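The values are calculated or read from the model by the stated rules, or taken from the named source; none is laboratory data. Remember, predicted model here, so these are calculated numbers, not experimental data. Every residue, glycine as well, gets a Cβ built from its backbone with ideal geometry; the counts of neighbours run over all protein chains shown.
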C-alpha cells in the first residue's frame, strides 16, 4: 500500500469541482509542451532551403527545444515550489510566445536555435512541470484518472497542430506562421490563469533551519528515496528506447515498399489509438483493484511496449504494420498516462514538483540520444529489425525491473506502515482510552478512502 | 478485354526494342538543322550530336480498343512506331489506317492495310528534332482501334502546386528537381511570366536581385529584395537536346501586415480571456469572503493580493507587447 498521502498533504484535495477545470488547463499546457516541438517539422524543408543548411542542422531545432524543455525542469520545479503553478505557467506561455515572435524575424539558423529552441524550450518546461504538479494538489482519490486525462493533451494537440501548421505555412510562409504560432502558444497563459491555487485549510509546513540554501528550493533528499531511485533508474533505460520506434515507423514502412500516404496513415492510427487509451488507462488505474498496486500496472505497460517491438519485425506486410501501430499505440498510451502518476504515487504530491524536475533533467540525455543511436544502428546493420529488437530489450528490461523492484518496495512500505500503525496505537494507548478509538478510526477511514 | 478469347490472343504482348544505328539517316532528316532551343547553343555532349543518329522503335500489340504508351525523349531521335491490331473479328481483308499528331490527321499517312496472318500493321517513322515534334502521335485503324504514343521530354517531379509565400524585403529560394532516375538535363533555365511571354532570367547582370545555381539534376533560383511586383509565375526549364521541359511555380509576396492581423486577434483573445478568468475569480472569492468568518478572510486577502499581482503582471506585460 502506498503511504496515505492525505495525512502528509495536510488538507483534503477537492477531487473534483474546479479540479476538472484545472485538468483541462493542464491538458492544454501538457499538450503544447509535448506536441509543439514535434509539430514544427512541417516548416523544416523551407527553412532548410532558406538558410541553406543540411537536414540534420534543421532537425536539431526540435532537439534543442526538447533538450531545453527537459534541462529547465529543475528551474521550473524550484519556481513552482516557491510561487505555485499559476505564475510559472503564465510566464512559460509568455516565453514561448516571445520566442516564436522573435524567431519569425530570424536571420540565421542560430537565431532560430536560440529563440525557438532555448527560449521556447524554457517556456514549455515552465508549462509542463507546474501542470503536472497542480493535478497532484487538486486530486488524490481520482488522481490517476485526472493524470490520464491531462496527458491526453499531447496527442490531441499534435493532431490539431499538424494540419493547422500546414495551413499556416501555405498561407503565410514560415515567418508568418511563426508569428501566428507565437500568438497561439500565448493561450498557455489562459491555461495558467485557470490554475487557481488550491485552498489549503491547514497552514503550510515551514522549512526548518537545518535545510541548506539549495534544499529549500528543491528537495535533493529524494535521491535517498527508495521509490524515487527505482523510478529514476528504470526510466533512464526506458527513455533510450521509447521514441525511436515512433520516429522510424514511417521510414520502416517506406523501406518495405509501402507508399508515403499509407506510411503516414500508420502514424495517424498510432496517434488515434494513443488518444483514446490515455484516459481509459487513467480510468482503469483509478479502479479499486489497480490503484493500490498501480506500479505493477505501469510495469505491465512498459513490458508491453517491449514485447510489441519484438513482434514488429515478425509481422508481415502492411496489415502487420497496422496491427503493430495499434498495439504500440495502446502500450505507449498506457505508459504516458501512468508516467507521472506513478511518480506521484511513489514520492507523494508534496515532493512531486522537485521529483519531476530532477527526473526530467536526468532523462534529457536518453531522450536526445535515443533516436540518433537508433539511426546509427540502422546505418551500421542496414536492417530495421535489429533496431526494433534493441528497443524491445530497452523496454522489456525496465518493465521487468519495475515488477521486481516495486514488489520489493511494496513489501517494505507495508512493513513500514504496519510499524507506524503499531507505534501510533502504542502511543495512544499510553495517553487515554477514548482518544485511542478515534485515532484508529481516522487511520482506517483514510486507508478505506484510498481503496475506493 | 471484355471480348472473349475467341477473337484475340489471350496474352498482352508488348514488344520493345531499341536499336542504335550509328549511320542511320532516313529521308525525313534531309535538312540537318540545329534543334531550335531557347538557349545559347548548348555545349554538345559527345554522345548526342545534333543530327539524329539514334533510332528508336516501339511496337505495340493492341488488345482492346485503346492503348496509351509514353515515350521519353532526351536527344533528337528517329522514332519508328508500329501498331499491330488483331482485328475485331470481322476479318475484313482491307481497312483504312492513318496517323494523327495532337488530334490533327496527318494527310499523307492514309494507307490501305491488308490482313496478314490475322494481323493489321501500321508502321511509320517520325523524326523528333525539337519541341514542335513532341506531342501525341496516334495510329488509328479505321474508327475502331487506336494507340496513342505520348512523346515528351522527361517531366519534372515534385513541383509544389501551392504558391510559395514570402515577404517584402525578404528573399526566397525556389527549387526545381529532376528525378534521380531520369536523365540529367544539359542545363537549367529560369523564366518569369511577363504578360503572355516567358522572359528568361539572367543571373549575371542582376546579381543583387537574382541568383541561379545549377547542380546536375537540381536547380535553385534565389530572389533578393522582394517587392510585391515580384509575385507571379516562375518557370524552371530542364534543358535537353530535343526540348526544354518546363515546371512552374507561383510566388506570392505579402507584407508583414497579413500575418499580423490574425496575431493581434489571437493576442486580444488571450488578454480578454485571462482578464475575464482572473476578474471572475476575484469577484467570486470576494463574495465568498464577505459571507465567511475572519480566519477565511485572512486567507482570501492573501490569495487576492497574490491574484492582483498576477493580473498586474499579465496586464503590464501585455501592454508592453502591444507596442
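The table that follows gives values for the structure above.
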item	result
Test set (1) touching a strand residue (DSSP E or B) at 6+ places or on another chain (Cβ under 6 Å); (2) at pLDDT 90 or above - residue B:248 fails condition number	(2)
Residue check for residue A:93: assigned to a helix (DSSP H, G or I) and away from every other protein chain (no Cβ under 14 Å)	no
Residue that is in a helix (DSSP H, G or I) and either at pLDDT 90 or above or under 30 Å from residue B:174 (Cα atoms) (or both), where the choices are A:53, A:80	A:80
Any hit, segment A:176-199, residues being surrounded by fewer than 18 Cβ atoms within 10 Å (Cβ to Cβ) and modelled with pLDDT under 85	yes
Residues satisfying the stated conditions in segment A:30-69, i.e. within 21 Å of the chain's Cα centre (by Cα) and within 14 Å of chain B (Cβ to nearest Cβ)	A:32
Single condition residue A:162 does not satisfy, out of (1) within 29 Å of residue A:279 (Cβ to Cβ); (2) in contact (Cβ under 8 Å) with a residue 60 or more places away in the chain; (3) facing chain B (nearest Cβ under 7 Å)	(3)
Given (1) farther than 30 Å from residue A:100 by Cβ; (2) in contact with a helix residue (DSSP H, G or I) (Cβ under 6 Å, 6 or more places away or on another chain); (3) modelled with pLDDT of 90 or more, number of the condition residue B:190 does not satisfy	(2)
Selection status of residue B:235, within 12 Å of another protein chain (Cβ to nearest Cβ) and either at pLDDT 90 or above or in contact with a helix residue (DSSP H, G or I) (Cβ under 8 Å, 6 or more places away or on another chain) (or both)	no
Segment A:165-175, subset in contact (Cβ under 8 Å) with a residue 40 or more places away in the chain and farther than 27 Å from residue A:274 by Cα, residue surrounded by the most Cβ atoms within 10 Å (Cβ to Cβ)	A:173
Pair list, Cβ < 7 Å and 6+ apart or interchain, from segment A:75-86 residues that are within 14 Å of another protein chain (Cβ to nearest Cβ) and surrounded by fewer than 19 Cβ atoms within 10 Å (Cβ to Cβ) to residues that are in a helix (DSSP H, G or I) and at pLDDT below 95	A:82/A:217
Residue within segment B:77-91 that is over 19 Å from residue B:62 (Cα atoms) and in contact with a strand residue (DSSP E or B) (Cβ under 6 Å, 6 or more places away or on another chain) present	yes
Residue within segment B:164-178 that is in a loop (DSSP other than H, G, I, E, B), away from chain A (no Cβ under 14 Å) and in contact with a strand residue (DSSP E or B) (Cβ under 8 Å, 6 or more places away or on another chain) present	yes
Some residue of segment A:176-183 being touching a residue at least 40 places away in the same chain (Cβ under 8 Å), over 30 Å from residue B:169 (Cα atoms) and within 11 Å of chain B (Cβ to nearest Cβ)	no
Failed item in (1) part of a loop (DSSP other than H, G, I, E, B); (2) buried (at least 22 other Cβ atoms within 10 Å of the Cβ), with residue A:30 passing the rest	(1)
Residue B:220 surrounded by fewer than 19 Cβ atoms within 10 Å (Cβ to Cβ), touching a residue at least 12 places away in the same chain (Cβ under 8 Å) and touching a strand residue (DSSP E or B) at 6+ places or on another chain (Cβ under 8 Å)	no
Leading residue by the ranking (farthest from residue A:149 (Cα to Cα)) among those in segment A:307-318 that are surrounded by fewer than 22 Cβ atoms within 10 Å (Cβ to Cβ) and at pLDDT 90 or above	A:310
